[in-house]
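Engineer: One structure is given below, represented as structure tokens, and several questions about it will come after.
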Amino acid sequence: MAEPPAQGCALVTGASRGIGAAIARALAGDGWPVGVNYRAGREAAEAVVAEIEAAGGRAVAVEGDVADHSTPDGLFQAVEAHFGCPVLALVNNAGITDDDLTPTLTDQAWDAVIETDLNAAFRLMRRALKPMMRARFGRIVNVSSVVGLRANPGQANYAAAKAGLIALTRTAAVEVARRGITVNAVAPGWIDTDMTAGVSTELLSQVPARRAGTPHEVAACVRFLASAEASYVTGAVLSVDGGLAA
Amino acid sequence: MSVTTEQVETRVVETLASFGPDQSQITRDATFEELDIDSLDLVELAQVVEDEYGVVLKGEDMKELKTVGDAIDLIVARAG
């Protein structure tokens with residue numbers, strides 16, 4: 001097991017499955033003690049923790065709906081108390097979709113997606129940054145989407161949230177850069193997960209690589225951005241999309 | 001919690017010095033502008049103050065502060 005890049009731990013939201021679970025495993029492989037956040041998938045989150053521990057890493061499952069305003073404090077306190085160190089790597093991965101065409105998109109669908117995919121990430125970043133400033137080290141990686149860069153009909157709410165997340169990433173990055181904190185985003189394209197399971201595969205013909213990506217391919221990029229080696233990369237958006245946004 | 005002005009002054013000066021200026025320059029009358037202490041530094045100072053004295057300084061509080069003495073007096077008043 002590698003040495004962690006800092007005397008801190010990592011928190012990955014929405015980490016019980018898919019891209020989040022892959023990111024949790026990848027960070028643990030780099031030596032980070034990892035908080036595996038889940039909303040409803042306790043068994044799946046505990047399975048991720050067991051897998052990490054079986055590989056010699058450290059992890060803990062932490063419940064919390066990121067859309068709840070009180071969740072950031074509870075999550076951070078739980079992870080920090082368990083590992084006895086501050087959260088110095090935050091991956092905002094939790095996200096939802098509620099698709100419809102703009103003329104018929106409901107307020108409820110708009111608000112729910114903006115709340116979970118954008119507002120929650122802001123609140124978690126705000127909670128994370130002060131301890132990172134004190135530590136003169138921090139890594140924040142926001143999981144955006146190709147949809148934040150390139151239109152996809154039926155996803156106005158998701159696109160607005162993911163584009164907003166990119167703007168939030170860039171702004172926070174320049175605010176805290178001289179404290180040794182980096183803030184970056186990854187923008188996955190079509191990745192094989194539960195979220196894309198019901199979507200027509202005809203869209204794959206638009207992907208230059210002519211295949212879907214894997215959660216592992218996204219996690220590898222997050223792992224790099226969270227590493228000590230990525231210390232001069234900040235405010236960046238790394239597309240992981242087989243060329244879809246190129 | 002009761003803290004003395006001297007205790008707060010010592011902690012504030014230590015914290016500000018960690019941001020770059022020479023400790024000898026950090027007097028009560030020195031302005032943050034003169035010391036090249038910016039808004040991000042003041043956010044971190046507020047975090048130190050909250051951790052140590054339980055005094056919550058919000059963004060609008062910090063915007064009003066011009067000198068080191070302003071900060072010390074505000075913290076002492078709130079902590080008292």
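Every number here is computed from the coordinates shown, using simple stated rules; none is lab data. Quick caveat, the model's predicted, so the values are computed rather than measured. Note: ideal-geometry Cβ built from the backbone for every residue, glycine included; neighbour counts use all protein chains shown.
Engineer: Can you tell me the FRET efficiency between residue A:192 and residue B:51 if r is taken as the Cβ-Cβ distance and R0 is 41 Å, rounded to the nearest 0.05?
Structural biologist: Values: r = 44 Å, r/R0 = 1.08.
E between residue A:192 and residue B:51, to the nearest 0.05, is 0.40.
Engineer: Rounded to the nearest 0.05, what FRET efficiency do residue A:210 and residue A:102 have when you use their Cβ-Cβ distance and R0 = 22 Å?
Structural biologist: On the way: r = 30 Å, r/R0 = 1.35.
For R0 = 22 Å, the calculated efficiency reads 0.15.
Engineer: In whole percent, what relative contact order does the stretch A:9-240 give with Cα contacts below 8 Å and a gap of six or more residues? Working shown, then result.
Structural biologist: Values: 468 pairs, mean separation 46.2, N = 232.
Rounded, it is 20 percent for the stretch A:9-240.
Engineer: Kindly provide the helix-only [θ] at 222 nm of chain A, computed as the sum of -39,500 (n - 2.57) over DSSP H runs of four or more divided by all residues, to the nearest 500 deg cm²/dmol?
Structural biologist: Helix contribution divided over all residues of chain A: -12000 deg cm²/dmol.
Engineer: For a paramagnetic label modelled at 7 Å from the Cα of residue A:150 toward its Cβ, which residues of the stretch A:195-225 fall within the zone defined by backbone nitrogen distances under 11 Å?
Structural biologist: Answer for the stretch A:195-225: A:204-210.
Engineer: Please list, by residue number, every one of the GluC sites (Glu not before Pro) in chain B that is coil in DSSP and has at most 11 other beta-carbon atoms within 10 Å.
Structural biologist: Values: sites: B:6, B:9, B:14, B:33, B:34, B:44, B:50, B:52, B:60, B:64; in loops: B:64.
Loop-located and lightly packed - B:64.
Engineer: Using only the alpha carbons, work out the radius of gyration and Dmax of chain A in angstrom.
Structural biologist: Answer for chain A, Rg first and Dmax second: 16.8, 52 Å.
Engineer: So, one more: For residue B:29 and residue A:82, FRET efficiency with R0 = 51 Å and r from the beta-carbon atoms, rounded to 0.05?
Structural biologist: Values: r = 46 Å, r/R0 = 0.91.
Using R0 = 51 Å, I get an efficiency of 0.65.
Engineer: Report the label-to-label distance for residue A:112 and residue A:232 in nanometres (one decimal), using points 7 Å from each Cα along the Cα→Cβ vector.
Structural biologist: Distance between the two pseudo-spin positions: 4.6 nm.
Engineer: Using just the helices of chain B, give the 222 nm mean residue ellipticity in deg cm²/dmol: DSSP H runs with n ≥ 4 each add -39,500 (n - 2.57), and the total is spread over all residues, rounded to 500.
Structural biologist: Values: 5 runs with 49 residues, N = 80.
About -18000 deg cm²/dmol.
Engineer: Kindly put A:178, A:123, B:28, A:223 in sequence by how many other C-beta atoms sit within 10 Å of each C-beta, fewest to most. Let's see the in-between values first.
Structural biologist: Working: A:178 12, A:123 19, B:28 15, A:223 22.
Ordered by Cβ neighbours within 10 Å, fewest first: A:178, B:28, A:123, A:223.
Engineer: Equivalent ellipsoid semi-axes for chain B, as square roots of 5 times the alpha carbon gyration tensor eigenvalues: give them largest first, rounded to whole Å.
Structural biologist: On the way: eigenvalues 64, 37, 25 Å².
Result for chain B: semi-axes of 18, 14, 11 Å.
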